[in-house]
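In what follows, a structure is listed as structure tokens, so that the remarks can point back to it.
The values are calculated or read from the model by the stated rules, or taken from the named source; none is laboratory data. What you see is a predicted model, and the numbers here were worked out from it, not measured in a lab. Positions of Cβ are backbone-derived with ideal geometry, glycine not excepted, and every protein chain shown enters the neighbour counts. These accessible areas exclude ligands, DNA and RNA; they are computed on the full protein's heavy atoms, side chains included. Shrake-Rupley method; radii C 1.70, N 1.55, O 1.52, S 1.80 Å.
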Amino acid sequence: HHRARSYPSGSPWPRSMLDHEHAFERGAGRPPRPHQTRCIRAVCAALSQDCAGHTPSNYLVQHATGSGKSLTIAALAHALTCMTDSRGNKFSLVLVVSDRSVLDDQLSATLERFLANHESAPRIERAESCKHLSRVIEEAQASIGGTSTRVVVTTFQKTAVDRPDDGAEEEEEPVEAAAQSEVDEEEEEEEGTPAEEISPGKRRRLENGGGPCCEPRVAILADEAHRSHGRGMTVALHDLLCGCAAQPRNTCYVSFTATPSDVSLRLFGVSDHERGRAEPYDCYPLRRALEDGVCVDVLSQYT
């Protein structure tokens, strides 16, 4: 999953900084901050080129809490609905995932307002259950040659099971244990799925498991990546996408967090060969946010 940081010289959406700033300001009602502009352009540039590789690509974005992460996610989702990569693939599905129902409501509201201010942007859809999400994914992936992108908001819990009617939260596997289970599973041989049980859309995901991507793509924009990624959740999501535990070739993660864990860095970070460790693809740390006056230093008033 690791790729060296790069900023390709192609022409991803938007074609210029000015285009992006206009799109952001129209959606958010205010100009973007420099770190938001930088992040969206960098991720779009990478996604426009990584289709030529032989494995899926994932990106970790570390932005300080309070620095406008939800708006950055909304602007990136909008950018992907307008984007075509270097092999001519469009994004048929942008799946925005959070790990709590309260965050889901907040992110949905931000995304809905942002897209509503762009006449040509699609309306967001809320996946209310695992069954609903599965149907939406299958419909989006079956639309080869289609021009529209579906933007769907859901929680990681809904990828695995339907929520109880009382709205109680699902218990999650501890992150450390989940990560170790995921590593162990990757070392094991995956069991195949009988051909008669695989839909045409999922069969394409399996047949295109390696090599350059040459089909409509799926982007998963995940909020609070330090809490939400683990064997149970991600395997269930991959099963919805392609019928097996492995990440489909046409699917990429852009995972956002303010406090990246070792697990999220290992899964989605980029390799820094000089330092010998994984780092976020784009980083706007709390120290810089405080220096810029974007966030309030609450500890300075603590007594």
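Give all pairs with beta carbons closer than 6 Å in which a residue from the range 108-124 that is in a strand (DSSP E or B) meets a residue that is crowded, with 20+ Cβ neighbours inside 10 Å; count only pairs at least 6 apart in sequence or on separate chains.
That search, which allows pairs on different chains as well, returns ILE124/LEU111; ILE124/VAL151; ILE124/VAL153.
Which residue pairs have Cβ atoms under 9 Å apart, sit 6 or more places apart or on different chains, and have a first residue in the range 284-303 that is part of a strand (DSSP E or B) and a second that is aliphatic (A, V, I, L, M) and open to solvent by less than 60 Å² (accessible area, probe 1.4 Å)?
Hits for this filter: TYR284/VAL61; TYR284/ALA64; TYR284/VAL294.
Hey, among THR37, THR65, THR81, which residue is without any contact (Cβ under 8 Å) to a residue 60 or more places away in the chain and on the phi < 0 side of the Ramachandran plot?
Numbers: THR65 fails: without any contact (Cβ under 8 Å) to a residue 60 or more places away in the chain; THR81 fails: without any contact (Cβ under 8 Å) to a residue 60 or more places away in the chain.
The unique qualifying residue is THR37.
I'd like to check something: does the range 41-59 contain any residue that is among the basic types (Lys, Arg) and crowded, with 18+ Cβ neighbours inside 10 Å? Don't jump to the end; show me each part of the working.
Step one: list which residues in the range 41-59 are among the basic types (Lys, Arg), which gives 41.
Of the ones still in play, those that are also crowded, with 18+ Cβ neighbours inside 10 Å are 41.
Yes, because at least one residue in the range 41-59 is among the basic types (Lys, Arg) and crowded, with 18+ Cβ neighbours inside 10 Å.
Of the numbered conditions (1) buried (at least 23 other Cβ atoms within 10 Å of the Cβ); (2) over 29 Å from GLY293 (Cβ atoms); (3) over 13 Å from the mean Cα position of the chain (by Cα), LEU111 fails exactly one; give the number of that condition.
It is condition (2) that LEU111 fails.
Of all residues in the range 215-246, count the ones that are assigned to a loop (DSSP other than H, G, I, E, B), over 16 Å from GLU138 (Cβ atoms) and at pLDDT 85 or above.
Residues of the range 215-246 that are assigned to a loop (DSSP other than H, G, I, E, B), as a first pass: 215-216, 223-224, 229-230, 243-246.
From the residues that got through so far, the ones that are over 16 Å from GLU138 (Cβ atoms) too are 223-224, 229-230, 245-246.
If we keep only those that are at pLDDT 85 or above too, we end up with 223.
Residues flagged as assigned to a loop (DSSP other than H, G, I, E, B), over 16 Å from GLU138 (Cβ atoms) and at pLDDT 85 or above within the range 215-246 amount to 1.
Restricting to the range 125-141, what's the tally of residues that are in a helix (DSSP H, G or I) and crowded, with 21+ Cβ neighbours inside 10 Å? Lay out the reasoning, then the answer.
Taking the range 125-141 first, the residues in a helix (DSSP H, G or I) are 130-141.
Now restrict to residues that are crowded, with 21+ Cβ neighbours inside 10 Å: 133, 137, 140-141.
Number satisfying all stated conditions: 4.
Name the single residue, out of those in the range 87-99 being in contact with an Asp or Glu (Cβ under 7 Å, 6 or more places away or on another chain) and farther than 19 Å from PHE114 by Cα, that is surrounded by the most Cβ atoms within 10 Å (Cβ to Cβ).
Per the criteria, the residue is ASP99.
State the number of residues belonging to the range 263-286 that are open to solvent by 20 Å² or more (accessible area, probe 1.4 Å) and either of a type in the set (Gly, Ala, Ser) or modelled with pLDDT of 85 or more (or both).
Total meeting the criteria: 8.
For the range 27-86, what are the residues that are in a loop (DSSP other than H, G, I, E, B), closer than 26 Å to ASP262 by Cα and either modelled with pLDDT of 95 or more or out of contact with any Asp or Glu (no Cβ under 7 Å at 6 or more places or on another chain) (or both)?
Taking the range 27-86 and keeping what is in a loop (DSSP other than H, G, I, E, B), we get 29-33, 53-57, 64-68, 82-83, 85-86.
Within this subset, residues satisfying the condition of being closer than 26 Å to ASP262 by Cα are 53-57, 64-68.
Answer for the range 27-86, where residues must be in a loop (DSSP other than H, G, I, E, B), closer than 26 Å to ASP262 by Cα and either modelled with pLDDT of 95 or more or out of contact with any Asp or Glu (no Cβ under 7 Å at 6 or more places or on another chain) (or both): GLY53, HIS54, THR55, PRO56, ALA64, THR65, GLY66, SER67, GLY68.
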